[in-house]
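The values are calculated or read from the model by the stated rules, or taken from the named source; none is laboratory data. The structure displayed is predicted, hence computed values, not measured ones. Cβ placement follows ideal geometry from the backbone for every residue including glycine, while neighbour counts extend to all protein chains displayed. Just the protein is used for accessible areas: all its heavy atoms, side chains included, with ligands, DNA and RNA removed. Shrake-Rupley method; radii C 1.70, N 1.55, O 1.52, S 1.80 Å.
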Amino acid sequence: MGSLDPPPPAIPIIDLAAVRAASLQGSSKTRGGAVLATACKEWGIFQALNHGVPEELIEIYRTQMLSLFSLPMERKQAAERSPMTRIRGYQMRENAGPSEVFQVEAGNEGMVREYAQKLFPHSSPSEFCAIYKECNVAFWNLAMEILDLLIAELGVNPSHFDVFKTEAEGVLRANFYHRSESTEQVLGLDPHMDGGLLTIVLQDDVSGLEVVKDGQWVRVMPHKHALCINMADMLQVLTNGHLKSVQHRAVVSKTGARLTAAYFVVPKPSVAVTSAPEFVDANNPPLYRPFTWREFTERQIRVKPNPSSLPYFKAVAISHHQS
């Protein structure tokens, strides 16, 4: 009999309830974070169970987004993003695998209300806004818990990360990928790394998210009660490459449409990004020069990153920046 090919590696699935319990029982706060740190070092992504975001809230948000994407196109275009808003609002992406996107700063109540009035002019915006407010609180609390566990496990001074808690915000994006009619593989989202600190991803029961592991694309199979946690570029810089931003893409399904959401934790424009001192010494020089989040995002807008803008900010490139 011939040998069978080994099964593809599986994305780590971590029970955060067990991590919390281990942290409380350990002699220090670091014990519970070891499993998280290992997953983030080796994969840059894991699926979190018992994450603390209410299932009811997730289902309500899904229903709200399905209603939004089901609106007539002229209604959605009333909330279309413009060169001025850049990342906010609705967008139809006419690529090989067409997709629709709605994105807004989840904690900006005035902005959320403005878009609610454009999308649903004959309804009260209160319910739409309330769901966004609840989502922002729940996702933010989860992101900060994961960050605190990683900081404790890595043994770094928490003060270096304080500004990324006080001067940061959450951006919530919903993605609706149309079913593919092609017999070939179709990408709904090109390979890339996220630019912020970390990203919380909500999948539905249609698979499509893939990440790079050891040079191969690995499918992140949906888990009914899990949220995906991606490491992003700023966390890679803060740890001087100790934690890796994960490259990922979205493959369009041939069997049905796919609804996902991503909550990006990003610093405010003026926040300076530098590696924590604990990760820099004579044997580990800084990999990146200091820069601000504004510099990073402006670079992303000017030059389409493939898959990330981080190489431009490498320390060795200080003396010869090029646009």
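Counting just the residues of the range 110-138 that are open to solvent by 40 Å² or more (accessible area, probe 1.4 Å) and outside any helix (DSSP H, G or I), which one comes out farthest from Leu172 (Cα to Cα)?
Residue satisfying both the conditions and the ranking: His122.
On the given criteria, is Asn141 closer than 17 Å to Glu105 by Cα, modelled with pLDDT of 95 or more and open to solvent by 60 Å² or more (accessible area, probe 1.4 Å)?
yes
One line per residue, one yes/no per condition, for (1) touching a residue at least 24 places away in the same chain (Cβ under 8 Å); (2) surrounded by fewer than 23 Cβ atoms within 10 Å (Cβ to Cβ); (3) among the hydrophobic types (A, V, I, L, M, F, W, C); (4) farther than 30 Å from Glu181 by Cβ:
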residue	(1), (2), (3), (4)
Gly215	no, yes, no, yes
His223	yes, yes, no, no
Cys228	yes, no, yes, no
Met234	yes, no, yes, yes
Val237	yes, no, yes, yes
Arg258	yes, no, no, no
Tyr263	yes, no, no, yes
Val271	yes, yes, yes, yes
Thr274	yes, yes, no, yes
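If Gln103 satisfies every condition in (1) modelled with pLDDT of 95 or more; (2) assigned to a helix (DSSP H, G or I) but one, which is the exception?
(2)
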